[in-house]
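Worksheet: the structure to be examined is printed underneath.
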């Protein structure tokens, strides 16, 4: 595929291209969702056409359709049990490689796939690095039944936490509520700053009606940061992953 011109798309392309260095034949891969992950899936499709033997588990209907059109062999978590590697994007990451994900509405499948993988590589651009999570609205997936009651419970919880602000908005798709692949609503929490993401992730998960949040805590093993000029750098605070080439 053709490289984009220098700029944000070139940064995403570069991060996705670098992630291919960590893929080898025989792997079972988690395939992420979002604009950066879409570059990776396109590149992976080219490698598969050239003889690379992998099988993928997509994290959304969108990624499933993209990968299938490219001829990437696909399976499900129920069929493979464990994955070797998941490669996905992020909406924010901090210095501890904690993430906010779910801007594309696929946080539940993304988290299921990420936690079923031996390793997770995040591909992103430098604009996603923050000193504190929370500038990007935190997605929380909730069941439709009683969603307003759930929203109030979330609001009461957040008001007792140290955040930069509190505003909760149900995500929309045009004039209708956005519906996830699992048939749920998403509430976007506009918090500005989250001082204790680990605690918040646990507290949100405990609320009845909440399916999960977009806080990915201590899941990522590496972040590949693409730059506008097409170069990359690695953020890795754990035993480093080694590329296969």
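Please return the ranges of strands (runs of 3 or more DSSP E) entirely within the stretch 185-245 where 2 or more residues are farther than 23 Å from residue 160 by Cβ and in contact with a strand residue (DSSP E or B) (Cβ under 8 Å, 6 or more places away or on another chain). Explain how you work it out, then say what you get.
Details: elements: 185-190, 210-213, 222-226, 232-235.
Answer list for the stretch 185-245: 222-226, 232-235.
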Hey, does the stretch 79-101 have a residue that's at pLDDT 95 or above, outside any loop (DSSP other than H, G, I, E, B) and out of contact with any strand residue (DSSP E or B) (no Cβ under 8 Å at 6 or more places or on another chain)?
-> yes
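Answer yes or no: is there a residue in the stretch 184-194 that is surrounded by fewer than 16 Cβ atoms within 10 Å (Cβ to Cβ), outside the structural domain of residue 20 (by TED's automatic domain parsing) and at positive phi.
The initial filter retains those residues of the stretch 184-194 that are surrounded by fewer than 16 Cβ atoms within 10 Å (Cβ to Cβ), namely 192-193.
Next cut, outside the structural domain of residue 20 (by TED's automatic domain parsing) only: 192-193.
Of the ones still in play, those that are also at positive phi are 192.
Yes, the stretch 184-194 contains a residue that is surrounded by fewer than 16 Cβ atoms within 10 Å (Cβ to Cβ), outside the structural domain of residue 20 (by TED's automatic domain parsing) and at positive phi.
Of all residues in the stretch 16-46, how many are part of a helix (DSSP H, G or I) and either touching a helix residue (DSSP H, G or I) at 6+ places or on another chain (Cβ under 6 Å) or within 22 Å of residue 65 (Cα to Cα) (or both)? Let's see the steps before the verdict.
Initial filter on the stretch 16-46 (part of a helix (DSSP H, G or I)): 16-22, 35-46.
Cutting the leftovers down to either touching a helix residue (DSSP H, G or I) at 6+ places or on another chain (Cβ under 6 Å) or within 22 Å of residue 65 (Cα to Cα) (or both) gives us 16-17, 19-20, 35-46.
Number of matching residues: 16.
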Those residues of the stretch 138-169 that are in contact with a helix residue (DSSP H, G or I) (Cβ under 9 Å, 6 or more places away or on another chain) and in a helix (DSSP H, G or I) come to a total of 3
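Just wondering, is there one or more residues in the stretch 60-71 that are touching a residue at least 60 places away in the same chain (Cβ under 8 Å), out of contact with any strand residue (DSSP E or B) (no Cβ under 7 Å at 6 or more places or on another chain) and surrounded by fewer than 19 Cβ atoms within 10 Å (Cβ to Cβ)? Before the answer, list the steps.
Quick first cut of the stretch 60-71, residues touching a residue at least 60 places away in the same chain (Cβ under 8 Å) only: 60-61.
Right, trim to out of contact with any strand residue (DSSP E or B) (no Cβ under 7 Å at 6 or more places or on another chain) and you get 60-61.
Now drop any that are not surrounded by fewer than 19 Cβ atoms within 10 Å (Cβ to Cβ), which leaves 61.
So far as the stretch 60-71 goes, yes, one or more of its residues are touching a residue at least 60 places away in the same chain (Cβ under 8 Å), out of contact with any strand residue (DSSP E or B) (no Cβ under 7 Å at 6 or more places or on another chain) and surrounded by fewer than 19 Cβ atoms within 10 Å (Cβ to Cβ).
The values are calculated or read from the model by the stated rules, or taken from the named source; none is laboratory data. Computed from a predicted structure; not experimentally measured. For neighbour counting, all protein chains shown are included, and Cβ atoms are generated from backbone atoms with ideal geometry for every residue, glycine included.
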